[in-house]
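**Q** Here you go, one structure.
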């Protein structure tokens, strides 16, 4: 099942770690006037890593074939312009991809 944004004309973005509500980088989403859609968890097929040398520590979320866990995430809705701006500032090796949520949405 594909996730459909609850808000028209927006793009859903799943965030983890430092971009969650109350965490240091959440202000980046707020500055883009993103809207929190829901707090949820991933399906139990991920591993969460802290990337060395990043301040604040940035998460690496990796889908794994075995021994995965469910990870706390939030779904935010961004306008297309805000989404483009946000993803253009993501430094490697981080990136944007498809995430499977615990309810089966992607």
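The values are calculated or read from the model by the stated rules, or taken from the named source; none is laboratory data. Because the structure is a prediction, the values reported are computed rather than measured. We place every Cβ from the backbone using ideal geometry, glycine too, and count neighbours over all the protein chains shown.
**Q** In region 79-106, which residue that is under 12 Å from residue 15 (Cα atoms) and touching a helix residue (DSSP H, G or I) at 6+ places or on another chain (Cβ under 9 Å) is modelled with the highest pLDDT?
**A** Restricting to residues being under 12 Å from residue 15 (Cα atoms) and touching a helix residue (DSSP H, G or I) at 6+ places or on another chain (Cβ under 9 Å), the top hit is 86.
**Q** Scan region 67-89 for residues that are in a loop (DSSP other than H, G, I, E, B) and either touching a strand residue (DSSP E or B) at 6+ places or on another chain (Cβ under 9 Å) or within 15 Å of residue 16 (Cβ to Cβ) (or both) and jot them down.
**A** Selection gives 67, 68, 70, 71, 79.
**Q** Let me ask something additional. I'd like the full set of residues that are at pLDDT 95 or above, closer than 19 Å to residue 102 by Cα, surrounded by 13 or more Cβ atoms within 10 Å (Cβ to Cβ) and under 13 Å from the mean Cα position of the chain (by Cα), limited to region 13-45.
**A** Matches in region 13-45: 13, 14, 15, 16, 20, 36, 37, 38, 40, 41, 42.
**Q** Still on this structure, please answer the following. What do you reckon, is residue 50 surrounded by fewer than 17 Cβ atoms within 10 Å (Cβ to Cβ) and assigned to a strand (DSSP E or B)?
**A** Against the criterion (surrounded by fewer than 17 Cβ atoms within 10 Å (Cβ to Cβ) and assigned to a strand (DSSP E or B)), residue 50 qualifies.
**Q** Now for a separate question. I'd like to check something: does region 56-71 contain any residue that is at pLDDT 95 or above, within 15 Å of residue 14 (Cα to Cα) and in contact with a helix residue (DSSP H, G or I) (Cβ under 6 Å, 6 or more places away or on another chain)?
**A** For region 56-71, residues at pLDDT 95 or above, within 15 Å of residue 14 (Cα to Cα) and in contact with a helix residue (DSSP H, G or I) (Cβ under 6 Å, 6 or more places away or on another chain): absent.
**Q** Here's a check for you: in region 90-106, which residue that is closer than 20 Å to residue 50 by Cβ, touching a residue at least 12 places away in the same chain (Cβ under 8 Å) and out of contact with any strand residue (DSSP E or B) (no Cβ under 6 Å at 6 or more places or on another chain) is surrounded by the fewest Cβ atoms within 10 Å (Cβ to Cβ)?
**A** So, considering only residues that are closer than 20 Å to residue 50 by Cβ, touching a residue at least 12 places away in the same chain (Cβ under 8 Å) and out of contact with any strand residue (DSSP E or B) (no Cβ under 6 Å at 6 or more places or on another chain), the one surrounded by the fewest Cβ atoms within 10 Å (Cβ to Cβ) is 93.
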